[in-house]
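The values are calculated or read from the model by the stated rules, or taken from the named source; none is laboratory data. Please read these numbers as outputs of a predicted model, since none were measured by experiment. Neighbour counts run over all protein chains shown; Cβ positions are idealised from the backbone, glycine included.
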Amino acid sequence: MGSVDQTFVMDPDADLLFERDFTPWLAGETLTTVSWIIDVPDKLDQHDDFIDGTSAKVWLKGKGTEGVSKVTCVFRSSGGREDNRTWSIELKHR
């Protein structure tokens, strides 16, 4: 997958909504499909994802332990283009 373009800190007991806005990349198109890849599934769980026009949204829930996990959003546009974006989640007790 791609290089990490953002890092977020999240409590490992939290359940949070994350949103990626792809408006600049889409250039007038919309998202048609998204899928999510979590590289350390024993630290982070993905649930309830959806598309809102040019944004991909996903709920991520920590599994109680600290560490780092990368999350990749693989997406396809209404024009048939496909790409991905990866970010890092640092799970740290607050």
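Tabulated data for the structure shown
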read-out: Enumeration of residues in region 71-88 that are among the small types (Gly, Ala, Ser) and either in contact with a helix residue (DSSP H, G or I) (Cβ under 9 Å, 6 or more places away or on another chain) or part of a strand (DSSP E or B) (or both); value: 77, 78, 79, 88
read-out: Condition broken by residue 93, with the remaining ones in (1) without any contact (Cβ under 8 Å) to a residue 60 or more places away in the chain; (2) assigned to a loop (DSSP other than H, G, I, E, B); (3) within 17 Å of residue 12 (Cβ to Cβ) satisfied; value: (1)
read-out: Residue within region 52-60 that is over 15 Å from the mean Cα position of the chain (by Cα) and in a strand (DSSP E or B) present; value: no
read-out: Residue check for residue 2: part of a loop (DSSP other than H, G, I, E, B) and modelled with pLDDT under 95; value: yes
read-out: When residues of region 35-94 are limited to those that are basic (Lys, Arg) and more than 18 Å from residue 19 (Cα to Cα), the one surrounded by the most Cβ atoms within 10 Å (Cβ to Cβ); value: 43
read-out: Subset tally (residues that are outside any strand (DSSP E or B) and either of a type in the set (A, V, I, L, M) or touching a residue at least 60 places away in the same chain (Cβ under 8 Å) (or both)) for region 36-51; value: 1
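Residues checked against (1) on the phi < 0 side of the Ramachandran plot; (2) at pLDDT 95 or above; (3) assigned to a strand (DSSP E or B):
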{"site": "9", "(1), (2), (3)": "yes, yes, yes"}
{"site": "13", "(1), (2), (3)": "yes, yes, no"}
{"site": "25", "(1), (2), (3)": "yes, no, no"}
{"site": "34", "(1), (2), (3)": "yes, yes, yes"}
